[in-house]
Amino acid sequence: MARIKVPRKSTAIDMTAMCDVAFLLLTFFIMTAKVRTEDPVPIDVPKSSIQQPIPESDFATISVGSQKAFFGLEGVDLRKQTLTQMGEIYKTTFTPDELNRFSTITSIGVPFGQLHQFIALSADDQKKYNKPGIPRDSVSNELFNWIREARKATVALHNVQLRIAIKGDSKEEYPVIKDVINILQKQKVNKFSLITNLGGGGGAAPKK
């Protein structure tokens, strides 16, 4: 008796649902990803064996490089409030538009007297601006005031203590880092973090 051959049929998988899931995941990662902020000056941070994620709020970074100091804050409301308080110290006011523009600036690296001019620049021009760094000498220790007012603003707005980290070039001369640490200790801030590299990623290593 002859064997009946069953006709072969090609298999087909409907990938429509899979494509929808892939696009949803891609959209989620794009919307939730945080853009890596560019350093105000080239900084080659040292290596570390300890890794701790950098907070996304109530956090300040003091970047040191090329003999200059820069100050950055995480949080739109925190930046606005800190600038308002700094204006009260230096007897100057900022318009709502200036406050909004300042809230997008991730790092400050100019003397307070140049801040109006710096805020008015476009984002591209701000990157090209020759930033002299924040003064930290005995005559005009503006870095001290930025740190103090940011700490006050954090407590007033969020009722938590501001966490502070130092991001310094691994080849940076010791006196510059020492100046920053002295400023922190004058405010009795003896606990801070050092931002380092670990396996190509960034982290904050706690320091007491």
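Each value in this text was obtained by applying a stated rule to the coordinates, not by laboratory testing. Just so it is clear, the model here is predicted, and its values are computed rather than measured. Note that each Cβ is placed from the backbone with ideal geometry, even for glycine, and that neighbours are counted across all protein chains shown.
Restricting attention to region 59-207, close to 65% of DSSP beta bridges with both partner residues there are antiparallel.
Just check region 59-207 against the gyration tensor rule for me: Cα atoms, a ≥ b ≥ c as the square roots of the eigenvalues, rounded for a/c under 1.5, and otherwise prolate or oblate depending on whether a/b exceeds b/c.
rounded
Per-residue extension of 0.36 nm, minus the Cα-Cα distance of residue 188 and residue 174, leaves a gain of 3.0 nm for this segment.
If you take every residue apart from residue 122 with its C-beta less than 12 Å away from the C-beta of residue 122, what net charge results, scoring Lys and Arg +1 and Asp and Glu -1?
Details: positive: 101, 127, 128; negative: 124, 125.
Every neighbour counted, the sum reads +1.
Evaluating kT/(6 pi eta Rh) at 20 °C and 1.002 mPa s, with the Kirkwood radius of region 82-141 over Cα pairs in the Stokes-Einstein relation, gives 175 µm² s⁻¹.
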